[in-house]
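Here is the structure we will look at.
Bear in mind these aren't lab numbers, they're just calculated from the coordinates by the rules spelled out. The shown structure was predicted, so the numbers you read here are calculated from the model rather than taken from an experiment. Cβ atoms come from the backbone with ideal geometry, glycine included; neighbour counts cover every protein chain shown.
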Amino acid sequence: MSVLEAAPGEAAARARRTYPPGLVVAVVVLALILLAASVPGLFSGRDPLAADPVHRLRPPSEAHPFGTDELGRDLFARVLHGAALSLSAAAIALVIGVLCGVALGLIAGTAGGRTDEVVMRATDVLLAIPALLVSLAVVTALGFGTVRTAVAVGVTGIAGFARITRAEVLRVSLAPYTEAAQVIGVRRAAVLLRHVLPNAWGPVFGYAAVQFGASLLAVSTLGFLGYGAPPPTPEWGSLVASGRSYFAGAWWLSTLPGLVIAATVLAANRIARAVHGEDGVVPR
């Protein structure tokens, strides 16, 4: 069968593919979360900072879908407005991890020798220490705040990206097309940009998809511990923390923001599995 004859069949097969329900739900959930972070007023017109002591600690209702907090503020509005801070912090942490990790992996994979040894031993040390302890040490040195929290979380992701990038650089460097380019006299920088990086980016992108959920969870953890945005700024981790003292009589203060965090992380991880190809689209 010729290529021209096979192409329509392949197009028809792609059209008949079905998507796992879990993946569809994950895409919808993450899309709604991103929309809420971008345009929170689309879902609620209430002011997240407006206190109403008369209606304090009200349970979820039609007027207040997530209830109200100890000052009478609408919790649903606070969760919506906190999405922007939490997601942007996770994105900043991911960018720091990708840029620094890929740069170190490229240096280690292309330089080799003593440079490779030093970079890899440094990443081993970073991976040997629990990520939360590293984040706490960095954020303590830098100070409190959402951006500083994002930087602290981003530092913990550098080692993983560095090791993956180095492994891919070494693999692609031994490929026949890379060796052929070097034999005919193509400059090393050109080989790196044209052959090594494009073919090494796939696993890095897949790991980045997984790391986004982990970064969001780490940012929320630091916010829960009080290292994030100062009150009364709404942030997912701090919202969960602020409801601890009222959990016995106002369970919704910690439970509902916690469920939003869990749903976002699970949705991001489910999409990451599809990116990895573990169980993506299925033909009918």
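List of remarks:
- For a label point 7 Å along the Cα-to-beta-carbon line of Leu136, residues of region 222-257 with backbone N under 14 Å: 222-227
- When Rg and Dmax are taken over the Cα atoms of region 110-157, they come to 13.2, 40 Å.
- P(r) histogram, all alpha-carbon pairs of region 65-147 included - 10 Å bins from 0, percent: 14, 29, 27, 17, 8, 5, 0
- Only Lys, Arg (+1) and Asp, Glu (-1) charged, at Cβ; the chain dipole about Cα centre in debye: 360 debye
- With only Cα atoms counted, the chain has Rg and Dmax values of 23.3, 79 Å.
- Between helix 75-111 and the chain: long-axis angle, C-alpha atoms, 0 to 90°, nearest 10: 20 degrees
- Dipole of the chain computed with +1 at Lys/Arg Cβ and -1 at Asp/Glu Cβ about the Cα centre; of Ser88, Val119, Leu32, farthest Cα towards the positive end is Val119.
- The convex hull of the Cα atoms of region 26-109, projected and averaged over all directions, covers 7.5 nm².
- Only Lys, Arg (+1) and Asp, Glu (-1) charged, at Cβ; region 50-99 dipole about Cα centre in debye: 80 debye
- Cα-projected label distance for Leu266 with Arg194, points at 7 Å along beta-carbon direction, nm: 4.9 nm
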